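One structure is given here, and the rest of the page talks about it.
The values are calculated or read from the model by the stated rules, or taken from the named source; none is laboratory data. Keep in mind that this is a model prediction, so the values were computed, not measured. Counting neighbours? That spans all protein chains shown, and the Cβs are built from the backbone with ideal geometry, glycine included. Quick note on the areas: whole protein, heavy atoms, side chains included, nothing else; ligands and nucleic acids left out. Shrake-Rupley method; radii C 1.70, N 1.55, O 1.52, S 1.80 Å.
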Amino acid sequence: MRFLRRQGVFCRTCALASFRDMQADTMVMGWWGPLSVLITPFVLLANLSALSGIRRIPEPATPGWRPPLNPGKPVFRRPAGILALVPLGLLGLVVLAVPLLLLVGMLTGSDDGDAHPTLTAGSCARNDAPWPEQSLRPVSCGSSEAQYRVVDPTDGPCASRDYIAYPEYSKDGVTSLCLHALKKAAT
């Protein structure tokens, strides 16, 4: 990686010619280093501020002691500018794809294997782990798998023999639900 700068007193035509040559070179050769991939887009944008300064230079009124440089074709009409569209296009895709993928991920949610099922008051549940560990899952109250009836503690305090479910099993993720053992449940 290297930074080049041309300094001097230029007429508008010579400054434009120098700018176009250096910008085209940067667009082709500026990408070939690990840090250069990150720095080159900023250098290209900074060079555009130099172009705005070049456009403020008045046209030469009288010819100088030597003829002005030929500005040549604009940057994107040169082979170097066309070739530079590949890394610039890839960079544009990354800039657009990363936020888009983040947005899609946020909207679809995550299918987290550690996510707990939601229990509601009046439903029944089964614990697939030995107490005091909890691996609760909702089941039909009429099934033979039902071990506990879920009770909302806002209806009254949990009974002395009730188990208390972790808050992450509640709808709001904060409330601890009571688990009242059914008679057929083996605890």
- Nearest 10 degrees, 0 to 90: helix 36-55 Cα axis against the chain principal axis: 50
- Leaving ligands, DNA and RNA out of it, work out the accessible area of LEU102 with a 1.4 Å probe and give it in Å² to the nearest 10. 110
- Message: Tell me the carbon and sulfur percent of the accessible area for the chain, rounded to whole percent, probe radius 1.4 Å.
- Response: 63
- Gyration tensor (Cα only) of region 15-94 to equivalent ellipsoid, semi-axes in Å sorted down, yields 28, 13, 10
- Calc'd 3J(HN,Hα), region 80-91, phi into Karplus 6.51 cos²θ - 1.76 cosθ + 1.60 (θ = phi - 60°), Hz, glycine/Pro = x, comes to 5, x, 5, 5, 6, 5, 5, x, 5, x, 5, 4
- Message: Regarding region 124-163, what's the average projected area of the Cα-atom convex hull, expressed in nm²?
- Response: 3.2
- Rule-of-thumb check for the chain: C-alpha Rg over 2.2 N^0.38 Å? 2.18
- Message: Taking the 0 to 90 degree range and rounding to the nearest ten, how far is the long axis of helix 12-29 tilted relative to the main principal axis of the chain, both from C-alpha atoms?
- Response: 40
- Could you tally the net charge around THR26, taking each other residue with its Cβ under 13 Å from the Cβ of THR26, Lys/Arg +1 and Asp/Glu -1? +3
- Message: Placing unit charges on C-beta atoms (Lys and Arg positive, Asp and Glu negative, everything else neutral), compute the dipole magnitude of region 68-146 about its Cα centre in debye, rounded to 20.
- Response: 920
- Item | region 36-187, accessible area per residue, ligands and nucleic acids excluded (1.4 Å, Å²) | 71
- Item | Rel. contact order, % - alpha carbon contacts under 8 angstrom, at least six apart, the chain | 15
- Query: Using θ = phi - 60° and the Karplus curve 6.51 cos²θ - 1.76 cosθ + 1.60, what whole-Hz ³J(HN,Hα) does each residue of region 158-166 get, with Gly and Pro shown as x?
  - Reply: 5, 5, 4, 9, 6, 8, 10, 7, 4
- For region 107-176, restrict the atom set to alpha-carbon positions and state the Rg and Dmax in Å. 12.7, 42
- Note on the structure: If the chain between CYS141 and LEU93 were fully extended at 0.36 nm per residue, the gain over the current Cα-Cα distance would be 12.1 nm
- Per-residue ³J(HN,Hα) for region 125-133, Karplus 6.51 cos²θ - 1.76 cosθ + 1.60, θ = phi - 60°, Hz, x for Gly and Pro: 9, 10, 9, 8, 10, x, 5, x, 5
